[in-house]
Amino acid sequence: MFHIESRMSMILSIRGFVVSASLALGLGGAGAQVPWSAGQIELKSRPSELLMAPAAAWYPVLATVQSRLEARGQQEATFSAGEKVELLVYRTALAQARSDWKAVLQYTQAVRELQTGESGRRTAGLLNELLARQALERADDAWLRETTRRQVAAMPWDDVAPAILAIRKALAEMQPEAVQQFVASQMDLSTSMTKGQANLPFVMQLLGARYQLQQVIPHRAALLVGLDDAIREREGAK
């Protein structure tokens, strides 16, 4: 496969934790890379078309992803903490693609329990959690802003401040056009060379980009204001 990981991890660190164990919008520390290269998944459309396609276009792909994750999960008892984290992140991405918000919360909590530092235990998957809770509550962005402020302001600030500030910066600098351009140029090229065949990390990165554009971007303003409110409150108190 094309060299997707380094470029996309930069893009996808701006969106939740979505699929990759990277930066503060994701995990509190990168997990070990799990070998997912075995077995290919057929993409019947170009990645750029799947990026914003109706959910029905993803059903066959998601069914294959689920079977791969279930097979991998049978070995979970032998996994390192990093490997468990990566599997949970992939499960989160699948749950988000299916709008299974309760599962998103379950997996996010499991990821936090595997973190070794206080910051990771508080901030891993923060945006994923907030957006899942909003979806479950069927709440508006005023709710999201206030919930973000309240949850972040209640955290032990000395421990989480660097991570929260990194989340805020990444969210503000998010460029949806850059994600679309990357998928259209690099990911489309990759699948054209493999006749529509992709490995699991490739598919999960594409799901992450889709989640960023469809879930994070529409609620970015509320998330940013909520983060700013909490940062101002805590920094002002200091």
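Of the numbered criteria (1) of a type in the set (S, T, N, Q); (2) open to solvent by 30 Å² or more (accessible area, probe 1.4 Å); (3) at pLDDT below 90, the one S20 fails is (2). Of all residues in segment 135-154, those satisfying the criterion of being open to solvent by 10 Å² or more (accessible area, probe 1.4 Å) and in contact with a helix residue (DSSP H, G or I) (Cβ under 6 Å, 6 or more places away or on another chain) are A135, L136, D141, R145, R149, A153. For segment 173-224: of the residues being charged (D, E, K, R) and surrounded by fewer than 23 Cβ atoms within 10 Å (Cβ to Cβ), which is nearest to R68 (Cα to Cα)? Residue satisfying both the conditions and the ranking: K195. I'd like to know if segment 110-119 contains one or more residues that are among the acidic types (D, E) and closer than 22 Å to V203 by Cβ. Within segment 110-119, none of the residues are among the acidic types (D, E) and closer than 22 Å to V203 by Cβ.
The values are calculated or read from the model by the stated rules, or taken from the named source; none is laboratory data. Quantities reported herein were computed from a predicted structural model and do not represent experimental measurements. Please note: Cβ atoms are built from the backbone with ideal geometry, for glycine as well, and neighbour counts cover all protein chains shown. The protein model used for the area step is the full one, side chains on, heavy atoms only, and it has no ligands, DNA or RNA in it. Shrake-Rupley method; radii C 1.70, N 1.55, O 1.52, S 1.80 Å.
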